[in-house]
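The values are calculated or read from the model by the stated rules, or taken from the named source; none is laboratory data. Since we're looking at a predicted model, the values are computed, not measured. Using ideal geometry, Cβ is built from the backbone for each residue, glycine included, and neighbour counts are taken over all protein chains shown. The area values use the complete protein model at the heavy-atom level, side chains included, leaving out ligands, DNA and RNA. Shrake-Rupley method; radii C 1.70, N 1.55, O 1.52, S 1.80 Å.
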Amino acid sequence: MDVYCGIDWAEDHHDIALADRDGNLLARRRISDDAAGLAMLLALLAEHGDTPDDPIPVAIETPRGLLVACLRATGRQVYPINPMPVARYRDRHSVAGRKSDHGDSFVLASVLRTDMHAHRPLPAGSELAQAVAVLARAQQDAVWDRTTAHNKLRSHLREYYPGFLAAFADARGGILRPEARAILAAAPTPADAATLTLTQLRALLKKAGRSRGIDTEATRLREAFRAPQMRQLPLVEAAMGRQALALLGKLNAACAAASDLEHAAAESFNLHPDAGIITSFPGLGPLTGARVLAEIGDDRSRFQDAKGLKAYAGAAPITRASGKTKSVTRRRIKNNRLNAAGYTWAFSALTASPGARAHYDRRRDDGDRHAAAQRNLFGRLLGCLHRCLTTGQHYDENIAFPASTKQSRRAA
């Protein structure tokens, strides 16, 4: 008798339901979110025929958490079901709109009973790949937090300190640069900046790690800070300077977190067996490679072909046809992290690979806009990556873009 398990997840407890192939409710239980609750769940599954050789599959609305990790450690298939489809399945059991935690657990078990073939279990990735995923995603979150903190600080400085923004407007990174943050911490208001001497500016630049052109830069900054600019009232300016220091503290913390996690993610990624294959591709370094590995994993059975990987990454278009109407648009339901990494990857490949550049130019000549051409290039590179990971081969420009290689040889 086939048995299916559904778990309605909550923060402090979980509702469990077991159903057979005919849709009959076999058991229902509420467990706590701790080791005792996990033991109760495993005992309940064992009572209904769960064995190491034939474990009962589990459906749950989240792909992460300690409960999911412990269930995966038992070797069973865990199916994360998006809450939106669960709501649609719920309508099949109650047209009145009734909803309860116990009812949702039974709905999740019924999803596996009727449509398990249409859902994908969590991949059986290695422990190292899961660790890389944790670090790479945390680093990506830290970068997004850094961008948010930078934008808030920059917007605040525009209200009372435009001279500071102008002083670093032409520098790469702007106020994200270490020397800019060090000077702002020492002089958070235009009045403080105007009193900085060349000696103080040189000391701040050295403290921030600058080693070249210190005298020239110090002279330039002193002139910029003493140039006429619009000012707030003195007390208001001082108050806004205190606020700027608070925002600067958040920015410094975000920069430190992003840098630390970048080193940790790259270090773990370089230990993975797939690191050599991934970084052999143009435009993929240790950090971007770690982000790609974090999202695709190292379970070779996860994607049956390159089309599935492209759809997962948002590189495959969506076709909508009804009667005489037909449209081809970009895919909006996708892995946003992998899609963001793919944008960086494809953009870097334009300068690192002649074949990638020729492919992008050809798409542009055919009428694609920049984003569409770059998305198509990302899909092409993903297909090559899927092939290389499956066969264990490194990237070869002549195989990836044979037409572009032939044209370059003819031109030579």
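Points to keep in mind about this one:
- Rounded accessible area of Ser94 (nearest 10 Å², 1.4 Å probe): 20 Å²
- Each part gets one Cα centre, and for region 298-350 versus region 17-86 those centres are 31 Å apart.
- Cα-based Lys proximity count in the chain, under 29 Å, for pairs eight or more positions apart or on separate chains: 17
- Helix 234-270 and the long axis of the chain differ in direction by around 50°, with both axes built from C-alpha atoms.
- Filtered trypsin sites (Lys or Arg not before Pro), region 177-274: DSSP coil and at most 15 other beta carbons within 10 Å: Arg212, Arg226, Arg231
- Sorting Leu233, Leu385, Leu25 on solvent-accessible area from highest to lowest, probe radius 1.4 Å, gives Leu233, Leu25, Leu385.
- Once backbone amide H atoms are built at 1.01 Å from N, Ala27 has Leu18 as its partners under 5 Å, excluding neighbours fewer than 5 places away on the same chain.
- Shape of region 91-133, Cα gyration tensor, a/c cut at 1.5: prolate
- On a per residue basis, region 1-129 carries 54 Å² of accessible surface, using protein heavy atoms and a 1.4 Å probe.
- Distance between the modelled labels on Lys152 and Val134, one decimal in nanometres: 2.7 nm (7 Å Cα→Cβ projection).
- Using distinct alpha-carbon pairs, which all enter the 1/r mean, Kirkwood radius of region 1-106 in Å: 14.0 Å
- Karplus (6.51, -1.76, 1.60) ³J(HN,Hα), θ = phi - 60°, over region 125-134, in Hz, Gly and Pro reported as x: x, 6, 5, 5, 5, 5, 5, 4, 4, 4
- Accessible surface of Thr351, taken over heavy atoms with a 1.4 Å probe and every protein chain present, rounds to 130 Å².
- Shown for the chain: the carbon plus sulfur share of the solvent-accessible area, taken with all protein chains present and a 1.4 angstrom probe, equals 51%.
- Thr199 sits among other residues whose Cβ lies under 13 Å from its own Cβ, and their net charge, with Lys and Arg +1 and Asp and Glu -1, is +3.
- Annotation: extensible slack from Thr390 through Arg242 equals 47.7 nm (criterion: 0.36 nm per residue apart, minus Cα-Cα distance).
- Residue order for Asp20, Asp53, Asp91 - accessible surface, 1.4 angstrom probe, largest first: Asp53, Asp91, Asp20
- Loop trypsin sites (Lys or Arg not before Pro), region 96-163, which have at most 10 other Cβ atoms in a 10 Å radius of their Cβ (DSSP): Arg98
- Two-site label geometry, Ile399 and Thr74: point separation in nm, points 7 Å out along Cα→Cβ: 4.2 nm
- For region 16-56, trypsin sites (Lys or Arg not before Pro) are listed when DSSP marks them as loop and at most 16 other Cβ atoms sit within 10 Å of their Cβ; the list is Arg21.
- Ranked by solvent-accessible area (1.4 Å probe, protein heavy atoms only, all chains present), the residues His14, His263 order from largest to smallest as His263, His14.
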